[in-house]
Amino acid sequence: MSFGDSFEERVEEQAEHRYHWADVIVNTTYMNDVMRAVCVIPGLFTFLEWYKTEHMKKTLYRHAEYATEHTEARPKINTKRKDFMCHILASKGPPATNKEVASHFNVIMMAGAVTIATFLAGVTYYLSHNKSALELMGCEYLTAVVEEGLRMYPPAGARHLSRIVSPGDCEIDGEWIPGGTRVLVHQCLAYLEMRMVLAKLFWHYDLVWFNSDEIDWDRDSKGYTLWEKPALRATLRRVE
Ligand code: HEM
């Protein structure tokens, strides 16, 4: 949806030492949490910025690098796909610099990829433990499963994420927005994605093997801004 091709397609063609972007994103959000905690100890943040650990280089910096590389690569591919980038490239007004566009994709990739993946992993686990819910999902209760999945395992539940217009109003892209407004701009898109992937997944495939007895999703998930999830192993057999 962002760059007009499968997630990471271009990156995987490249050198071996590279990390999968999805892993980088999860590690980056964890690192952000660590840095937020570190801020309470005076001077430690400055020290860490100076003494960049290997882990920091592999996460915070790598994520920004990937966003930049994909941003620069996208205009070179020949696609008619209506991805996010095509709207940015076609936008009116002074053209955005690569750096500006990359910084948007830095946020979009961080916010959009792992949330949906987390939701799907959690819901798949819970559905595997609840056969009646799985059957109900096939009987037009897809939205109920999505809602309940979000309630049981909110993919991004941290309170510090809030984006609220400050008192005194503001103007965004020519629109006057009153102070206190809080809107999730991407809510419809996120619901569309969750419904579409769940429906296609369970319509086309049966879950035939699962390690759900070895893991306990509630016990083994660690909550930061996002979840560090236990390994979920499932084999999907295509329904003939
Ligand atoms: C289950 C799926 C998702 C959940 C639960 C979720 C949740 C959230 C939450 C709680 C916030 C903070 C907003 C606030 O309080 O003001 C947020 C921000 C955001 N989300 Fe999502 N999101 C999901 C999917 C997506 C998708 C698919 C995209 C885009 C492709 C996306 C893009 C964004 C962006 C751009 C922001 C703003 C980040 C910022 O202001 O720094 N999200 N999301």
* **Residue, farthest from THR225 (Cα to Cα), within region 136-164, restricted to residues that are outside any loop (DSSP other than H, G, I, E, B) and modelled with pLDDT under 90** => LEU136
* To do: Answer yes or no: is there a residue in region 92-99 that is polar (S, T, N, Q), at pLDDT 90 or above and not in a helix (DSSP H, G or I).
  => yes
* Structure fact -> Over region 42-63, the set of residues surrounded by 10 or more Cβ atoms within 10 Å (Cβ to Cβ) and outside any helix (DSSP H, G or I) is LYS52, THR53
* Filter region 186-240 for residues that are aliphatic (A, V, I, L, M) and in contact with a strand residue (DSSP E or B) (Cβ under 7 Å, 6 or more places away or on another chain); which is nearest to ASN130 (Cα to Cα)? -> LEU207
* Asked: Would it be correct to say that LEU161 is touching a residue at least 60 places away in the same chain (Cβ under 8 Å), touching a helix residue (DSSP H, G or I) at 6+ places or on another chain (Cβ under 6 Å) and surrounded by fewer than 18 Cβ atoms within 10 Å (Cβ to Cβ)?
  -> no
* Could you please give the count of residues in region 103-115 that are crowded, with 18+ Cβ neighbours inside 10 Å and within 7 Å of the ligand (Cβ to nearest atom)? => 2
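Residue by residue, here is whether (1) touching a Cys at 6+ places or on another chain (Cβ under 7 Å); (2) under 21 Å from ILE25 (Cβ atoms); (3) among the aliphatic types (A, V, I, L, M); (4) free of Cβ contacts under 8 Å to residues at least 24 places away in the same chain holds:
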| site | (1), (2), (3), (4) |
| --- | --- |
| VAL165 | no, no, yes, yes |
| CYS170 | no, no, no, yes |
| GLY174 | no, no, no, yes |
| PRO178 | no, no, no, yes |
| LEU184 | no, yes, yes, yes |
| CYS188 | no, no, no, yes |
| TYR205 | no, no, no, no |
* **Any chance LEU44 is under 17 Å from the mean Cα position of the chain (by Cα) and among the hydrophobic types (A, V, I, L, M, F, W, C)** => no
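The values are calculated or read from the model by the stated rules, or taken from the named source; none is laboratory data. The structure presented is a predicted model; accordingly, all values stated were derived computationally and were not measured. Virtual Cβ from ideal backbone geometry, glycine too; neighbours counted across all protein chains shown.
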